[in-house]
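Reviewing the structure listed below.
Any read-out appearing in this document is the output of simple, stated calculations on the displayed coordinates, not a laboratory observation. None of the values given here were measured: they were computed from a predicted structure. Positions of Cβ are generated from backbone atoms using ideal geometry, with glycine treated the same way; all protein chains shown enter the neighbour counts.
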Amino acid sequence: MPEILFVCTANQFRSPIASAYFYQKLAETGRTDNWKITSAGTWTENGLPVHIEAEKAASRIGLDISRHKTREVNLSILSTADLIITMEQGHKEALTAEFPSCKDRIILLCQVAGEPVTEIEDPVIRNFEFCDMTVQSILFCIDRSFEKIINLAVSFYIEREKFEQKQSIMKSAT
């Protein structure tokens, strides 16, 4: 089962909305049975709720993220993800530096969507004044790159499966 991980800073606004929306798009195309869509944050604690403004913004577009609890990025989470999608260049750089084995699977959401603006700004920077614009940017980028993201994730998933099969064969031969 391919797994996509959406990453932002606190895992309380952007990445939970992105993962919920991506999952909704999978459901609309009848593909949810074969996918795992998750989110995490580069600078958070485990188990915190989403920000109230994220819950409200998600609700306005028909998403329920009220049960979401934050997760801090770690090697275990990253190692199971076939594709890691970040909101900002800083997230991509930090993950690449700290977890170099994952670097080929890390992409920026706006970049994969072909957008000239490469980052989806954290709404906390402007005290949530433009949080709906942040949500619309996430939706636009996912809508624009949905099939491309699917294809990338499947490609990395197949690579990982082949590698694991090869490792299994090599173990059993020794």
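Worth a mention:
- For Lys103, the aspartates and glutamates whose Cα falls under 12 Å of its own Cα, not counting residues fewer than eight places away in the same chain, are Asp82, Glu93.
- Positive minus negative residues near Glu129 (Lys, Arg vs Asp, Glu; Cβ under 13 Å): -3
- Between 0 and 90 degrees, the angle of helix 131-173 with respect to the longest Cα principal axis of the chain falls at about 10 degrees.
- Rounded FRET efficiency, nearest 0.05, which uses the C-beta distance separating Lys166 from Asp64 and R0 of 41 Å: 0.50
- As a rough guide to protection, the peptides 129-138, 163-172 ranked by mean Cβ packing within 10 Å, highest first, stand as 129-138, 163-172.
- Gap separating the Cα centres of the range 3-48 and the range 52-66, nearest whole Å: 13
- Highest-MSF residue in the chain out of Lys69, Lys92, Lys162 [GNM, Cα springs under 10 Å]: Lys162
- Listed pairs Lys69/Lys148; Lys56/Lys148; Lys92/Lys166; Lys25/Lys148; Lys92/Lys148; Lys69/Lys162 exceeding 21 Å between Cα atoms: Lys69/Lys148; Lys56/Lys148; Lys92/Lys166; Lys69/Lys162
- Fewest-first ranking of Asp122, Asp104, using other Cβ atoms within 10 Å as the exposure measure: Asp104, Asp122
- Available extension along the chain between Glu72 and Ser101 is 8.7 nm, counting 0.36 nm per residue and deducting the alpha carbon span.
- Shown here: Rg and Dmax of the Cα atoms in Å, derived from the displayed model; of the candidates [x] 16.2, 60; [y] 29.7, 111; [z] 16.3, 49, it corresponds to [x].
- Checking every one of the GluC sites (Glu not before Pro) in the range 1-86 against DSSP loop status and a limit of 13 other Cβ atoms within 10 Å picks out Glu45.
- Extension gain, Arg126 to Thr32, is 30.4 nm, computed as 0.36 nm per intervening residue step minus the present C-alpha separation.
- Against the chain, whose longest principal axis is taken from its Cα atoms, helix 89-98 shows a tilt of about 30°.
- Sum of side-chain charges, Arg14 neighbourhood, beta-carbon under 10 Å (Lys, Arg +1; Asp, Glu -1): -3
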